[in-house]
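The values are calculated or read from the model by the stated rules, or taken from the named source; none is laboratory data. Predicted, not measured: the structure shown is a model, and the values here were computed from it. Heads up, the Cβs are rebuilt from the backbone with ideal geometry, glycines too, and the neighbour counts pull from every protein chain shown.
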Amino acid sequence: MARYEQHRWTTPAALTLAAVFALTGCSVSTAPAGEPAPSSAQPSGDGYIVGITGANYAIESARAQYEALAAGLIDAGIEVKFLDAALDINAQVSHVDQFIDQGVDGIVLNLAGDPNAIRGSVERAIDAGIDLYSIGGTGFTEVLVQVNLPSLELGELSGQYVCEQSGGTGEVALIEAVDIPVLAERWDSFLSTVEQECPDLQIVARERAIPDDAATARPIAEDLLTRFPNLTALWTMGDGPALGAGLAVQAAGRDVIVTGMNAESQGIDGIRQGAVNATWDLDPTEIGLQLADRIAKIADGSSPRPETTDVFTITGLAEWTADNVDDWVAYEARVDYPGIN
């Protein structure tokens, strides 16, 4: 299990990024991807400015990624600008154009929708010699560093858990969310794991909670409980839907396995209330810190600019249940948030 200490990024005594990585107990998988990334002017590290366009700051795990990324960059002496798209890809078109006008040296993309919608602005950034980085895939081969969310591992771990806890039989319903690749990987991986490891567990329904929060998911779960009186498990793609589903199960007096994802505070609260059985830690602060480390090393020249996109993923995710929930540490206690939004 990963354990955390609070890390401060604004004092000379701050822990180094390398020390932080050692503390978390997580590992990183890397793989080259894409075509050669073009070389703009080599950055000196002095005065390097990074603009971050976030998909949705309101989501707890996404906010942790952005704040940790900013904390790591600021610690490295890099100026940070942040804009929040609030799930509007068209807003990100404006964000990129704004960053170009402000003369940033690098842009971090965390796309809120179809990459084609933002392609024109991204091409203008490339023409302006701006370095590109990303949280999640973009389809742009010019991206220098891309951190992928551990969606496949989340799906696999949750699938293994449901197979084990159900005894490999019964009925399971899924509460998914908006159908975008980074989220779809979660339920696709879950379904693949169930098919391989407990094929007798029947998938009886697949619903969507949009937005993916407790208030939206609860009536969906109530309907599923009514439709399927023998339901064994409710799999949800995040902790908000898990809490809503778990509260519905409790109100109905049913014994149904409920799982979440991300290890956000609402999922942890659900475990403590007995409404949620398990959630898995997205490790969002580690995602942000490790991306910041790679950007900083490119900016100061201590690492060569990758010839193809440097793709990496955080692995070794912690599982949180009633057995260990008291060891959980809130995202904002893992890293000091600079308060970028």
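I'm trying to understand the selection: among the residues of region 252-273, which are over 25 Å from the mean Cα position of the chain (by Cα) and either in contact (Cβ under 8 Å) with a residue 24 or more places away in the chain or assigned by TED's automatic domain parsing to the domain that holds ASN324 (or both)?
Answer for region 252-273, where residues must be over 25 Å from the mean Cα position of the chain (by Cα) and either in contact (Cβ under 8 Å) with a residue 24 or more places away in the chain or assigned by TED's automatic domain parsing to the domain that holds ASN324 (or both): ALA252, ARG254, VAL256.
Taking into account only those residues within region 86-113 that are closer than 30 Å to PRO211 by Cα and in contact with a strand residue (DSSP E or B) (Cβ under 6 Å, 6 or more places away or on another chain), which is surrounded by the most Cβ atoms within 10 Å (Cβ to Cβ)? Can you show your working first?
Quick first cut of region 86-113, residues closer than 30 Å to PRO211 by Cα only: 86-99, 107-113.
Filter once more, keeping what is in contact with a strand residue (DSSP E or B) (Cβ under 6 Å, 6 or more places away or on another chain): 92, 95, 99, 107-110.
Working: GLN92: 26, HIS95: 24, PHE99: 25, ILE107: 26, VAL108: 30, LEU109: 27, ASN110: 25.
The qualifying residue surrounded by the most Cβ atoms within 10 Å (Cβ to Cβ) is VAL108.
Would you confirm whether any residue within region 201-215 is under 19 Å from LEU317 (Cα atoms) and either in a helix (DSSP H, G or I) or hydrophobic (A, V, I, L, M, F, W, C) (or both)? Please lay out each step first, then the result.
Narrowing region 201-215 to residues under 19 Å from LEU317 (Cα atoms): none.
No, there is no match, as no residue in region 201-215 is under 19 Å from LEU317 (Cα atoms) and either in a helix (DSSP H, G or I) or hydrophobic (A, V, I, L, M, F, W, C) (or both).
Would you mind stating whether ILE287 is assigned to a helix (DSSP H, G or I), in the same structural domain as LEU224 (by TED's automatic domain parsing) and in contact with a helix residue (DSSP H, G or I) (Cβ under 7 Å, 6 or more places away or on another chain)? Steps first, answer last, please.
Details: assigned to a helix (DSSP H, G or I): yes; in the same structural domain as LEU224 (by TED's automatic domain parsing): no; in contact with a helix residue (DSSP H, G or I) (Cβ under 7 Å, 6 or more places away or on another chain): yes.
Taking the combined requirement at face value, the residue does not satisfy it.
Pairs please, first residue from region 168-193 and on the phi > 0 side of the Ramachandran plot, second anywhere and of a type in the set (Gly, Ala, Ser), Cβ atoms under 8 Å, 6+ apart in sequence or on different chains.
Final answer for the pair search is GLY170/ALA233.
Tell me, which strands (runs of 3 or more DSSP E) lie completely within region 126-191 with 3 or more residues that are surrounded by 24 or more Cβ atoms within 10 Å (Cβ to Cβ) and out of contact with any Phe, Trp or Tyr (no Cβ under 7 Å at 6 or more places or on another chain)? Please lay out each step first, then the result.
Numbers: elements: 131-135, 145-148, 170-176.
Strands (runs of 3 or more DSSP E) meeting the threshold: 131-135.
Among the helices (runs of 4 or more DSSP H) lying completely within region 1-102, list those that include at least 3 residues that are at pLDDT 95 or above and either in contact with a helix residue (DSSP H, G or I) (Cβ under 9 Å, 6 or more places away or on another chain) or more than 21 Å from ALA128 (Cα to Cα) (or both). Explain how you work it out, then say what you get.
Numbers: elements: 17-24, 60-75, 89-102.
The helices (runs of 4 or more DSSP H) meeting that bar are 60-75, 89-102.
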